[in-house]
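Single-structure report; data block below.
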Amino acid sequence: MREAGSATSGAAADATAAVREAFAILAAVPDPYERALAVGVVLEQMPDLQTELRGIRQEAVVQMRETRTIQDIAAALGLSQPRVSQIAKGVSRTVKRTGNAAKEDA
């Protein structure tokens with residue numbers, strides 16, 4: 001089982017590097033107009049992308065639940081037991097703030 005502190009190793013590190021590579025591709029668009037448009041399109045897609053990511057995480061937690069306890073999963077992921085239960089049920093902690101459409105999810 002993976003320990004809580006190792007979340008940035010292996011697949012997580014590879015995925016993070018791939019996301020940063022995508023950011024670098026956007027940052028490297030030479031024309032500022034095209035760069036701004038491209039970033040705007042990606043930003044508009046962020047809610048859908050976050051939904052996809054949450055679904056992938058939910059599927060993983062549900063799969064872990066087949067062979068592990070909530071306590072074990074919580075310890076491995078560095079989350080509380082109630083949060084693991086919420087993730088398994090598909091409950092999002094997204095918080096909408098007034099003014100900006102800023103959101104946060106853990």
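With only alpha-carbon pairs counted, each pair once and no self-pairs, how large is the Kirkwood hydrodynamic radius of region 24-99 in angstroms?
Taking the inverse mean of 1/r over all distinct Cα pairs, region 24-99 comes out at 14.9 Å.
Output ³J(HN,Hα) for region 66-80: one whole-Hz value per residue in order, computed from phi by the Karplus curve 6.51 cos²θ - 1.76 cosθ + 1.60 with θ = phi - 60°, and x for Gly and Pro.
5, 10, 10, 7, 4, 4, 5, 5, 4, 5, 5, 8, x, 10, 6
Please calculate the 1.4 Å probe accessible area of Leu49, with all protein chains present, and give it to the nearest 10 Å².
Accessible area of Leu49: about 70 Å².
Considering all alpha-carbon pairs of region 54-97, what whole percent are spaced by more than 17 angstrom?
That fraction is 24 percent.
Based on the alpha-carbon gyration tensor of region 5-54 and its eigenvalue square roots a ≥ b ≥ c, which shape applies: rounded if a/c is under 1.5, prolate if not and a/b is larger than b/c, or oblate?
oblate
The values are calculated or read from the model by the stated rules, or taken from the named source; none is laboratory data. Being a predicted model, the structure only gives us computed values, none of them experimental. Ligands, DNA and RNA are excluded from the accessible area calculation, which covers all protein heavy atoms including side chains. Shrake-Rupley method; radii C 1.70, N 1.55, O 1.52, S 1.80 Å.
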